[in-house]
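Please treat every number below as a calculation from the coordinates, not as lab data. Since this is a predicted model, take the numbers as computed values, not measurements. In this analysis, Cβ positions are derived from the backbone assuming ideal geometry, glycine residues included, and neighbour counts consider all displayed protein chains.
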Amino acid sequence: MSDAERTTGRARRGRGCASGLCALVLLAWSLAWTLGGVSWWADVAANFAAQGALVSLAACAWWALRRRRGAALLALLALLAAAMHLWIVGTGREAWMPRPIDAGAPPAEGRVRLLHFNCSSRPVPADVYALFDACRADVVSVTEPNVHVQFDVIYGDKLEAEFPHRIKRHFRDLPTGQRGAGFVLSKFPLSPFPVEPDAQGEHVEEIIAAVVEAPTRFGLIAVHPRSPRTRARWSDGHALTRAAAGVARRMRGQGLPVVLLADLNSTPSGWRSRALHFEAGLRRAKPVFEVRGTYPTHLSVAGRGFDARWPLAIAIDDAFLGGPVALHGWGLLDPVGSDHWPVLVDIEPGR
């Protein structure tokens, strides 16, 4: 055997080993969700299952086109990984096909329109209030309002004519980290729902829970678990998610339809989303084939900015529905300067 043949053989074996390792990584990625509740890194990986399915399908196509026995086995493994990714992405969802919503038209009779918006620090307050008015929402949930919006709505009486009922969550600076402000505004009366039996310590203050006295009454929960950028924040966010799931169970135990609005800092395949489904029976409102992310709105590479779209944008903001609640519409609105897209949903409680 010549030196050239030996070199070619080593190169082929090297490529084969690299391809095999790649297939194993794809399989491990597709199983990361099984450890999402106990492993920080596994949960981070599980949050990108939709992207994992895309990569696995691309790898499957590549190996299938090679038309070799070994490549065929690798393609089969990649296809299996893609199927597992897609299965977990579709678990606990209210709908599969998109359900467009006409934000400019009022909701039909018997329906309630809800807006969830992570406001962040950037938007001009006037633009935020114009957004509320333009989408004709009946209930508005806002997390991380900037200081100006906080003074207007949380500490002042701004929008009381449009939304006469409200529940507020004040900004707090604790030893365990900052807790952002938030509020819920409603055209319907709000009756506070007790949180204390289902949460302890500071998490009691992190959950807005109320009964919305709409024509068909329903329970409303608004939460904002911390992002998993560190292990401590990841664990804290999981604890808040469990507490919110407990409140949802109590609401459902009283016969109430439930709507939970959140910047969950978790995609549909992350542990938090699945916990709300399996522990509280909530269904994520975003349709599976509505292939859009809610964060971030923009990205910058080498000093040049561009709009972020899936798979670069991920779906972490959403509504979750429990019990007899029909979803009639789901859509995203202009972020008016925020790094999150506002989520608008039309629901029909009791159906």
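Just a few scattered comments:
- The stretch 52-103 - Debye-derived log10 I(q)/I(0), Cα point model, q = 0.19, 0.22, 0.29 Å⁻¹: -0.65, -0.75, -0.99
- Computed from the Cα positions only, the extents of the chain along the three principal axes stand at 87, 47, 45 Å, in decreasing order.
- Computed about the Cα centre, the dipole magnitude for the chain is approximately 1880 debye when only Lys and Arg (+1) and Asp and Glu (-1) carry charge, each at its Cβ.
- Calculated [θ] (222 nm, deg cm²/dmol) that DSSP helices of n ≥ 4 give over the chain, each run adding -39,500 (n - 2.57): -11500 deg cm²/dmol
- Fewest-first ranking of T297, T267, using other Cβ atoms within 10 Å as the exposure measure: T297, T267
- Gained length - R292 relative to V204, 0.36 nm times residue gap less alpha-carbon distance: 28.5 nm
- C-alpha center-to-center spacing [the stretch 206-228, the stretch 308-351] in angstrom: 15 Å
- Listed by chain and number, the aspartates and glutamates placed with their C-alpha closer than 14 angstrom to that of K187 are D133, D138, E160, E162, E213; residues fewer than eight positions away on the same chain are left out.
- Residue order for L27, L276, fewest other beta carbons within 10 angstrom first, comes to L27, L276.
- Estimated from the Cβ-Cβ distance and a Förster radius of 51 angstrom, the FRET efficiency linking A64 and D173 is about 0.40.
- For the chain, the membrane-span-like helices by this rule, meaning whole DSSP H stretches whose C-alpha atoms cover at least 20 Å of axis and whose Kyte-Doolittle mean is -1.0 or above, are 3-30, 49-66, 69-90, 231-253; this says nothing about an actual membrane.
- Potential lengthening between W87 and V44 on full extension [0.36 nm per residue; Cα-Cα distance subtracted]: 13.7 nm
- Placing pseudo-labels 7 Å out from each Cα toward the beta carbon at L35 and L312 gives an inter-label distance of 3.1 nm.
- Protection proxy ranking of 39-46, 104-111 - average other beta-carbon atoms within 10 Å, highest first: 39-46, 104-111
- 5 angstrom amide H check on F193, placed H, neighbours 5+ away: A209, A210, V211
- Among S227, L114, C17 the positive-end extreme of the charge dipole of the chain (Cβ point charges): C17
- GNM result for the chain, Cα springs below 10 Å: residue of R169, R304, R274 fluctuating most strongly: R304
- Choice from R217, R229, R283 with maximal GNM fluctuation in the chain (Cα, 10 Å cutoff): R229
- Subtracting the Cα-Cα distance of A28 and S300 from 0.36 nm times their residue separation leaves 94.9 nm of extension gain.
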